[in-house]
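What follows is one structure encoded as structure tokens, with my remarks underneath.
The values are calculated or read from the model by the stated rules, or taken from the named source; none is laboratory data. Everything numeric here is computed off the predicted structure, so don't read it as measured data. Virtual Cβ from ideal backbone geometry, glycine too; neighbours counted across all protein chains shown. With ligands, DNA and RNA removed, areas are computed over all heavy atoms of the protein, side chains included. Shrake-Rupley method; radii C 1.70, N 1.55, O 1.52, S 1.80 Å.
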Amino acid sequence: MAPLRHLRIFLESGLRASAAAGGHNFIGKVVSVMAANGFTTEFCLDDDATLRRAEAEGGYTLTHMRPPVGLNGLVFRRVYHYPFWAIERSEQRWNWHVAGSVFDPDQIDFDQATSFARFWRKKLFNSAQPSTRGQGFLYIPLQGRLTQHRSFQTCAPVQMIRAVLEADPRPVIATLHPRESYGPQDHAALAALAARFPRLTVTTGGMDHYLPGCDAVITQNSSVAFNGFLLHKPAILFADIDFHHIALRADADPVAALAELPRHRPCYDRYLFWFWQVMSINAGRPEVEARIATTLRRCGWPL
């Protein structure tokens, strides 16, 4: 049985070495918070055998981008860009605390949000101004399992592409994820769509090229849609995700979602401030340890 006030943090090899050497800012802050509340901390490899043993032993555990381990297990993950982080009871982003929270733009200061968003646009896209004028095409960043319809999705990704092509006359650029593995069935399904719809272009990667010029981002739940909010690009989602609040949902009617695009003008900058600065943990802020402690208490840990 694990000691009562002992935390095991399970990490991949390189990250474990960095954390043990004190080279990871956010993990170091977590360790400091735990120490201030009487916890010791141990860094463990996140191999399957070790995780199975930890499940049986119980105790407090923290995993990185993997399902939580045990009744007192939590997971931590970067919130799309450094230095923003989340600590949650589920690895599924659509079950995160922010996903179930209500975004009220009237509660966010306009000037503060505008300055915040301008800073992050400049940092991530080298442009202080949003790219609001599209070049007349729809951008579909793909993820994996193109022919599978998973439980959190409205439909399979290839069905999403077909629905968009059938509902909207604009050219469509669908991009494969450079770090995903695609099988013969995936490539065959895309080739069949491209043969039927010549205005469909299928390529790999290229977010920095396609995002500024697109009219809208259409995706299952790719983080490209969240990045698009920085450039004031509207998004249509075909799956559950944490940043759904200002996106349009396809659900069973992608035609209606596409028709809504010209009138869809959400408060992008206020949303980004709320999502990152209010609902996430900014590891670069002086109050980061207090935010970590508050989050851990919300997740049920005895701090």
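At a glance:
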item	result
Helix-only [θ]222 nm of the chain, DSSP H runs n ≥ 4, -39500 (n - 2.57) each, per residue, nearest 500	-10000 deg cm²/dmol
In region 225-303, trypsin sites (Lys or Arg not before Pro) in a DSSP loop with at most 10 other beta-carbon atoms within 10 Å	none
Cα-projected label distance for residue 124 with residue 101, points at 7 Å along beta-carbon direction, nm	1.7 nm
Highest average packing first - 195-206, 130-141, 221-232, Cβ atoms within 10 Å	221-232, 130-141, 195-206
Angle between the chain longest axis and helix 184-196 axis [Cα atoms, degrees, rounded to 10]	30 degrees
Per residue value of the accessible surface for region 1-63 (all protein chains in place, 1.4 Å probe), Å²	50 Å²
Positive-pole candidate from 172, 198, 188, dipole of region 134-222, charges at beta carbon	188
Protection proxy ranking, peptides 6-15, 116-125, 211-220, average beta carbon neighbours within 10 Å, highest first	211-220, 6-15, 116-125
Intensity falloff of region 201-295 expressed as log10 I(q)/I(0), Debye formula with alpha-carbon point scatterers, at q = 0.14 Å⁻¹	-0.59
Rounded percent of accessible protein surface that carbon and sulfur make up, region 155-212, 1.4 Å probe	53 percent
Sequence ranges 38-44, 56-62, ranked by mean other-Cβ count within 10 angstrom, highest first	56-62, 38-44
Option label - Rg and Dmax of the Cα atoms in Å computed here, alternatives (i) 17.9, 53; (ii) 20.9, 64; (iii) 18.9, 58	(ii)
Counting DSSP beta bridges with both ends in the chain, the antiparallel % (nearest 5)	20 percent
